[in-house]
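A.B. asks: For reference, the structure I am asking about is given below.
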Amino acid sequence: MPWPSRKRDKGAVADKKEPDAKIAKTEETSDKEEEEKSAKPPAGSSKSGWKNWKKKESEAGGEESKITYCHWLLKSEPESRLEKGVDVKFSVDDLKAQPNQTTCWDGVRNYQARNFLRSMKLGQQAFFYHSNCKEPGIVALVKIVKEAYPDHTQFDQKDPHYDSTSRKENPKWSMVDVQFVRMTKRFIPLAEIKAHHLAHKADGGPLKDMMLFSRQRLSIQPLTQGENPPGLSIPSGRQAASSIYGFSFLTTEEFDFVLSLEEEKPH
């Protein structure tokens, strides 16, 4: 077991201000701080970005299609915090230090987050999101390399997320294995994503219903996907990544828009 229970879903916290309210991948504590940190979008940063996106989408044909969940956002705490005597810190650097840059995403103790884990399919991509820290945001891309299987920490009495009510013949909790793919070309802060979200709520853009803002306390969140609009221009960096890492970056409403932000200069 590489690192003890670092993905927490028992009480996903806000993104920092109150030191004792820290949690990275959990669902119980309030995410009010995370919401407040980004309540005021950077001036002039959201509308133009959405207009440019709409222009690209319009040029591509902009077909609407069925929403499915094929891409994800995974929250993790990059700073130390003890939970029942165990440090639950797990940053993207910790992931990169694992054998084959791969780890199990254990410790999830929220039923909705668990169900999302169980929905994940081999090869699907996710954003690695640093949560509950000085500046929360997206730092990297990972992919699912093993689909859901029983989370061993639920049976370990020494683990902070031991569950005495779970049985090996019918385990309550699941985990998946994830592998590091690459760092984003730049850090994409929560405040910037929030600015686009607020603009999209008014204009009907792809981030209008993003779960990062409607269900802030979930540490595992799906991103909406649409079918590929014909001729959509995919940024060259993403196209290169798809060929290098052997999986496809098909168009997704939320995922693709957020990923496109790495190509822009920060405001």
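The values are calculated or read from the model by the stated rules, or taken from the named source; none is laboratory data. Source: prediction; values computed, not measured. All Cβ positions, even for glycine, are placed from backbone atoms using ideal geometry, and neighbour counts span all protein chains on display. Accessible surface is based on the protein model in full, side chains and every heavy atom, while ligands, DNA and RNA are left aside. Shrake-Rupley method; radii C 1.70, N 1.55, O 1.52, S 1.80 Å.
A.B. asks: So in the range 199-212, with the set limited to residues that are hydrophobic (A, V, I, L, M, F, W, C) and more than 19 Å from the chain's Cα centre (by Cα), which one is most open to solvent (accessible area, probe 1.4 Å)?
C.D. replies: Per the stated criteria, the residue is Ala202.
A.B. asks: While we're looking at this one, here's another question. When you go through (1) over 15 Å from the mean Cα position of the chain (by Cα); (2) at pLDDT 95 or above one by one for Lys143, which number turns out not to apply?
C.D. replies: With (1) over 15 Å from the mean Cα position of the chain (by Cα); (2) at pLDDT 95 or above applied to Lys143, the lone miss is (1).
Yes/no per residue for (1) surrounded by fewer than 24 Cβ atoms within 10 Å (Cβ to Cβ); (2) more than 17 Å from Thr102 (Cα to Cα):
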site: Ser131; (1), (2): no, yes
site: Gly137; (1), (2): yes, yes
site: Ala140; (1), (2): yes, no
site: Lys158; (1), (2): yes, yes
site: Ser164; (1), (2): yes, yes
site: Glu169; (1), (2): yes, yes
site: Thr184; (1), (2): yes, yes
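A.B. asks: Kindly indicate whether Asp177 is of a type in the set (D, E, K, R), assigned to a loop (DSSP other than H, G, I, E, B) and open to solvent by 10 Å² or more (accessible area, probe 1.4 Å).
C.D. replies: no
A.B. asks: Continuing with the same structure: Looking at the range 73-129 only, could you name the residues that are under 16 Å from the mean Cα position of the chain (by Cα), crowded, with 21+ Cβ neighbours inside 10 Å and farther than 23 Å from Ile193 by Cβ?
C.D. replies: Within the range 73-129, Thr103, Cys104, Asp106, Gly107 qualify.
A.B. asks: If a residue has to be assigned to a helix (DSSP H, G or I), within 15 Å of Gln216 (Cβ to Cβ) and of a type outside the set (A, V, I, L, M, F, W, C) to count, how many in the range 109-119 make the cut?
C.D. replies: Residues that pass the stated criteria total 1.
A.B. asks: Can you spot a residue in the range 120-127 that is hydrophobic (A, V, I, L, M, F, W, C), part of a helix (DSSP H, G or I) and farther than 18 Å from Arg217 by Cβ?
C.D. replies: The answer is no; no qualifying residue exists.
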